[in-house]
Amino acid sequence: MSIRIVHKGKFNRTMHFFKHLLRLDYSPILEEYGRRGVEALQAATPVDTGKTAESWTYTVNKQIGRGRSGRTTLEWSNTNKAKNGQSIALLIQYGHMTRNGAYVPPYDYINPALANIQEAAANDVWKEVIK
């Protein structure tokens, strides 16, 4: 048994669509969701001193590739570090051992805080794509 695919026509519309995608600027959408994400993370972060909750930031990175290609990314980070340089936010998220050997279990607060933000951002970016 064999499969044969025959194609007649051109890909002009498809190529036009892809070129259109490369020209779009997603930065304003990602800026908005970056701010929303920081607010959600601050609200969801467990509070001891409040320093970790206050240390959330976001960055929108626009990378230019060859020709007109490139990508724009949104990244959230937390600047609060332990004395050994470890991220306090990730120690809370994934759990850790203490100096005296006790185990602090993980507390998943990042994923639930960002789930709705990421979904809404993806929907808004898609709306921009299909305009």
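Any read-out appearing in this document is the output of simple, stated calculations on the displayed coordinates, not a laboratory observation. Because the structure is a prediction, the values reported are computed rather than measured.
Odds and ends about this structure:
- Cα long-axis angle, helix 27-44 against the chain (0 to 90 degrees, to the nearest 10): 30
- Of all beta bridges that DSSP places with both ends in the chain, some 100 percent have antiparallel geometry.
- Taking every alpha-carbon pair under 8 Å whose residues sit at least 6 apart, the stretch 14-116 reaches a relative contact order of 23 percent.
- Residue among N61, N84, N116 with the largest mean-square fluctuation in a Gaussian network model of the chain, springs linking Cα atoms under 10 Å: N84
- Relative to the longest principal axis of the Cα atoms of the chain, helix 12-23 runs at roughly 30 degrees.
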